[in-house]
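Q: Can you keep this structure in mind? I'll have questions shortly.
The values are calculated or read from the model by the stated rules, or taken from the named source; none is laboratory data. Just so we're clear, the structure is a prediction, and the values are computed from it rather than from any experiment. When we count neighbours, we look across all protein chains shown, and the Cβ atoms used for this are built from the backbone with ideal geometry, even at glycine. Remember, those area values only see protein heavy atoms, side chains included, never the ligands or the DNA or RNA. Shrake-Rupley method; radii C 1.70, N 1.55, O 1.52, S 1.80 Å.
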Amino acid sequence: MAFRIGGSARRSGTEESRAGGNGVGRTNGADVDDAVDEPVDAVRPHFQLGLEPMLGAAGWHKPSSPTLIEIDRIFVQVFALVGEAIAGATHALLAGDREAAKQLVQRDEMVDVLIGQISQVAQQQLVHGETYADERRELVAVLRMLPDLERNGDLAEHIARRAARGLGAEMSARSRGLVERMGEVATTIWSSTADAFAERSVSGANYVDDLDDELDDLHVTLTAELVAGTMSLPVAIELAMVARFYERFGDHAVNLARRMAALVTGGPEPGTSGAD
C-alpha cells in the first residue's frame, strides 16, 4: 500500500484509488502513552512524500514566506504520520498484531508534537512577525485546521488501542469485511486530502467529500450488523466505537478539505461537522 502526496499515483490495498480553538493540545490525555523512537515501518504502510505544493487557483498559492514554507513542510509530515497510522491500525486490528498496534499507539505522540510546532510557528508570526494581509489570512486558516488534523491522529490511535486489546479475534466474518473496507476508504480519503492540500486543489477537496459518503454508508451497515446480535455485547460495544472512529475520521478529513478549498477560492469559512 503506497501513497504519494502531491502526485497522481496512489494505491489502497488491492484497489487503486480513484483520481480525482486552537485547542490543539491532547483531548484524551489518559489515552496516550509516552512516545518512543522505535520505527514502525515494518507494521504500517508508507506515505511517499512527493511534490511540493503547487500554484492554486485564486486565493491560496504556493507559500513564499519562510514561515509558511516551514508550516507546509511540517503539515506534510503530519499527513504522512496520520496516513500511516490509520492504515497500520486497520491492519493490526484485522491481523491481530498486538505489538504493531502498541507501537502505533506510542507513535501518536509525534503527531501532537508536530502540530504543536505548527501552532507555535503560526502564532509567533501573527503576534511578532511582519505580515501582509494574505499571509495573516493563511496563518489564521492554518490554526483552524489544526484541531481536525490532531483529532484524526487521535482517532487512528484509538483504533490501534482496540487492536492491541485483541478485538479483531472476536469479530464476526461480516464485520471484519466491513471494517477492512472502512479502513481502505479512510486511508484513501486521507491520501486524497493530503493531495488536495499539496496541490491547492478545489476539485480534490470535492472528491474527499464524495469519498466520505461511502464511509458514512459503511458505518450504517456495520451498525446494523452489530444490532443483529452476531457478537457478544462487550465486543459489539467496542466495535461500535471503532465504527464511529472511522466515520469521524472521514468527517475531519472533509473539514480539512473544505477549509483548504475556502482558502483557495477566497470563499467563506466553512462550518464543522460537529463534535466526536
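Q: If I ask for residues that are under 16 Å from ALA89 (Cβ atoms) and open to solvent by 20 Å² or more (accessible area, probe 1.4 Å), which ones from the stretch 233-254 would you list?
A: Once the filter is applied, which keeps residues that are under 16 Å from ALA89 (Cβ atoms) and open to solvent by 20 Å² or more (accessible area, probe 1.4 Å), the stretch 233-254 yields GLU238, MET241, ARG244, GLU247.
Q: Can I ask one more? Out of all the residues in the stretch 189-223, which are assigned to a helix (DSSP H, G or I), among the small types (Gly, Ala, Ser) and either open to solvent by less than 50 Å² (accessible area, probe 1.4 Å) or in contact with a Leu (Cβ under 9 Å, 6 or more places away or on another chain) (or both)?
A: Residues satisfying the conditions are SER191, SER192, ALA194, ALA196, ALA198, GLY204, ALA205.
Residue by residue, here is whether (1) at pLDDT below 95; (2) surrounded by fewer than 17 Cβ atoms within 10 Å (Cβ to Cβ) holds:
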| residue | (1), (2) |
| --- | --- |
| GLN117 | no, yes |
| ASP134 | yes, yes |
| LEU149 | no, no |
| ILE159 | no, no |
| VAL185 | no, no |
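Q: Which one of ARG107, ARG137, ARG151, ARG176 is part of a helix (DSSP H, G or I) and under 15 Å from ALA261 (Cα atoms)?
A: So the residue among ARG107, ARG137, ARG151, ARG176 that is part of a helix (DSSP H, G or I) and under 15 Å from ALA261 (Cα atoms) is ARG137.
Q: Any idea which of (1) assigned to a helix (DSSP H, G or I); (2) surrounded by fewer than 20 Cβ atoms within 10 Å (Cβ to Cβ) is the one THR230 doesn't satisfy?
A: So the condition that THR230 fails would be (1).
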